[in-house]
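Read through the structure below, which is laid out as structure tokens, and then see the notes.
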Amino acid sequence: MKLKRIAVIVCIVTAAFTMTGCWNYRELETLNLVAGFSIDKGTGGAGYHLTFEILDESGGGSNGGGDGGGSGSGIQTKLIESDGPTIFDAVRNTLLKTDKKLYFGDCKAVILSKQIADEGVAPLFDWISRDSEPRLTADLFVSEDATAENILKQCSPVNPVTSYALDKIVADNPAYISKAPYMQIYKADDALKKHGQSLILPALAVDKTQNGTPPKLAGTAVFKRDKLLGFLKSDESKYLLFIQNQVNGGLLLVNVESSSPDITLEIKRSETKVTVLSEGRSPKIGLSVKTEAALGEMKTTADFASESGITKLEQDADRILADSMHALITEVQNEYDSDIFGFGSAIYQNDPNYWNAISPHWDNLFKNLQVVISTDVVIKNTALTQSNVKARD
């Protein structure tokens, strides 16, 4: 009994020593909390120029965009800039300007300049994935603007922290508009290692049509391996996401009685299946897209109250969707020659041995790849009893 009591006391004392707190605990006042950062080429084209958006709870900061984007908010931001021959060196060189180390545990966005992306993004992932602080779930973007730094200098109209605003916008995009890919660091890293599929990243631009010039999603940055080739517009990006089975919502515009869209369908759900139809010297890919939608808006006098009217609308939507996907595939084959759709990956998953045989020639095969598209748009709700407004004769 006495030995049992001693053993219990020893266990309690031992546990007390292991529960004294976090081993690397640091006071927030000693850190600069990084919300996001941009990567540009360094001065003279050598090394890197990094700009960090820092959370400033004192309320005295500014993100360089007029009023700092934080009017009436307890949290504002400030920018810290630093240069170095490597990413890590540029990060540490901030200590030449401030006595607080950077903390990346809450970093939501990493923005790359076009010049950086042109030269290749793979080396940039090394420090991010090797260091213990940066989260691999941070969003990756490519700036269409002159510099990536300029994106962080703009004000979001809805959030005093530009990086957090961008994180929310791109995360909500697949459910509401589906006009840009949602790519986090770990997904981008996986894409670079994937057989038969090139990297894509969401593009950013400055909206000069609004006061304060807020940053906005501007489509898709197209890569071949890890080097930037160009950009797809927002509407083109929607059909890219259809092909990649990444559409969870958004709108599908259909023209019925005119050359411009006069019907708007709201996408409720969509599923795309990619199949390998044939192999040999000329592989063929099949795309099957099934989409459920609701009638969201109509600017036409056409009658969609009848079953035949709905069937005709579904057929028009099928045609628009298939034609738009075909047009995008042809454009990418001719202008970029980069398999951003993942057709090569589908072949690899279907038959790894066949992929190993054709992969050295995939660039040429992809250029002439035949893709058969089947679409099936089903309209589940017309809401015609709720909105059927017509002008009096």
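The values are calculated or read from the model by the stated rules, or taken from the named source; none is laboratory data. Fair warning: this is a prediction, and the values are worked out from it, not measured in the lab. Virtual Cβ from ideal backbone geometry, glycine too; neighbours counted across all protein chains shown.
Of all the residues in segment 143-170, those that are hydroxyl-bearing (Ser, Thr, Tyr) and either surrounded by 22 or more Cβ atoms within 10 Å (Cβ to Cβ) or closer than 18 Å to Pro181 by Cβ (or both) number 3. Taking segment 74-156 as the region of interest, the strands (runs of 3 or more DSSP E) fully inside it that hold 2 or more residues being more than 20 Å from Ala171 (Cβ to Cβ) and assigned by TED's automatic domain parsing to the domain that holds Leu217 are 76-84, 101-103.
Of the strands (runs of 3 or more DSSP E) that lie entirely inside segment 204-254, those containing 3 or more residues that are closer than 29 Å to Glu314 by Cβ span 251-254. Just name the residue that is surrounded by the fewest Cβ atoms within 10 Å (Cβ to Cβ) out of those in segment 321-351 that are out of contact with any Asp or Glu (no Cβ under 9 Å at 6 or more places or on another chain), farther than 19 Å from Asn245 by Cβ and touching a residue at least 40 places away in the same chain (Cβ under 8 Å). The qualifying residue surrounded by the fewest Cβ atoms within 10 Å (Cβ to Cβ) is Glu335.
Whether a residue is crowded, with 23+ Cβ neighbours inside 10 Å and in contact (Cβ under 8 Å) with a residue 40 or more places away in the chain was assessed, and Ala205 does not pass this test.
Taking the criterion of being among the hydroxyl-bearing types (Ser, Thr, Tyr), modelled with pLDDT of 65 or more and within 28 Å of the chain's Cα centre (by Cα), the residues of segment 51-99 that qualify are Thr51, Thr77, Ser82, Thr86.
Would you say Thr301 is under 28 Å from Lys179 (Cα atoms) and in the same structural domain as Asn255 (by TED's automatic domain parsing)? No; evaluated as a whole, the condition is false for this residue.
For segment 353-363, state whether one or more residues are touching a Ser or Thr at 6+ places or on another chain (Cβ under 8 Å) and surrounded by 19 or more Cβ atoms within 10 Å (Cβ to Cβ). So far as segment 353-363 goes, no, none of its residues is touching a Ser or Thr at 6+ places or on another chain (Cβ under 8 Å) and surrounded by 19 or more Cβ atoms within 10 Å (Cβ to Cβ).
The residues of segment 171-190 that are crowded, with 20+ Cβ neighbours inside 10 Å and either part of a strand (DSSP E or B) or among the small types (Gly, Ala, Ser) (or both), listed by number, are Ser178, Ala180, Ala188. Remark: pairs (first residue in segment 173-185, free of Cβ contacts under 8 Å to residues at least 60 places away in the same chain; second residue assigned to a loop (DSSP other than H, G, I, E, B) and surrounded by 19 or more Cβ atoms within 10 Å (Cβ to Cβ); Cβ separation under 6 Å; 6+ apart in sequence or on different chains) = Asn173/Ala180.
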